[in-house]
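A short write-up of the structure that comes next.
The values are calculated or read from the model by the stated rules, or taken from the named source; none is laboratory data. Here the structure is a predicted model, which is why all the values come from computation and not from measurement. Backbone-built Cβ (ideal geometry, glycine too); neighbour counts: all protein chains shown.
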Amino acid sequence: MMIRPQLSGIRILLVERHLVLSQAMAEYLSYLGAEVRTYHEPNEAFPVISDFRPHLILCDLTFPEEAAFKALARARQLSSEIDFKISVVGMSTLNAYAIERRAFSAGFDGVLQKPFGPTDLVHLLARLLNR
């Protein structure tokens, strides 16, 4: 039986370059009750972080020029400035061990290895959001 956390009141910023995946994830997260904003480039997402105040950022790790790692740094800076905890999760199709080690060293709160299923996403959300 799959856990189905209630995400009502949870704001999620989804930064994913693959349109189909981002649409599917946004629909599923919305179904769980989250308010989701989707962007296909990290630079588009940066300006909304301080106003939207997401509880969670899900970001593709395979953007060029290490944009996901820059997004993490920006989220951490804003989180500190506005005194609001923002969890950041990276998503990647790259070598699981290498990317996870690098992401956790950089300060990501979690990593989802693509392809992942709803159960993987739900378990990680439940852990990070204490749901």
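Looking across the stretch 55-94, the residues that are assigned to a loop (DSSP other than H, G, I, E, B) and within 15 Å of Ile12 (Cβ to Cβ) come down to His55, Phe84, Lys85, Ile86. One residue is enough: does the stretch 78-95 have a residue meeting the conditions within 15 Å of the chain's Cα centre (by Cα), of a type in the set (Phe, Trp, Tyr), at pLDDT 80 or above and under 23 Å from Arg127 (Cβ atoms)? Looking through the stretch 78-95, none of the residues is within 15 Å of the chain's Cα centre (by Cα), of a type in the set (Phe, Trp, Tyr), at pLDDT 80 or above and under 23 Å from Arg127 (Cβ atoms). Step by step: first the residues of the stretch 102-114, then only those that are free of Cβ contacts under 8 Å to residues at least 40 places away in the same chain, surrounded by 15 or more Cβ atoms within 10 Å (Cβ to Cβ) and small (Gly, Ala, Ser), then the one that is farthest from Val20 (Cα to Cα). Which residue is that? Here the residue is Ala106. In the stretch 59-101, of all residues being surrounded by 19 or more Cβ atoms within 10 Å (Cβ to Cβ) and of a type in the set (Asp, Glu), the one that is nearest to Arg17 (Cα to Cα) corresponds to Asp60.
Scanning the stretch 5-27 for residues that are in contact with a helix residue (DSSP H, G or I) (Cβ under 6 Å, 6 or more places away or on another chain) and more than 17 Å from Leu128 (Cα to Cα) returns Val15, Glu16. Being in a helix (DSSP H, G or I) and hydroxyl-bearing (Ser, Thr, Tyr) is the filter; apply it to the stretch 12-54 and report the residue that is surrounded by the most Cβ atoms within 10 Å (Cβ to Cβ). Among residues in the stretch 12-54 that are in a helix (DSSP H, G or I) and hydroxyl-bearing (Ser, Thr, Tyr), the one surrounded by the most Cβ atoms within 10 Å (Cβ to Cβ) is Ser22. For the stretch 115-131, filtering for residues that are outside any helix (DSSP H, G or I) and without any contact (Cβ under 8 Å) to a residue 40 or more places away in the chain leaves 4.
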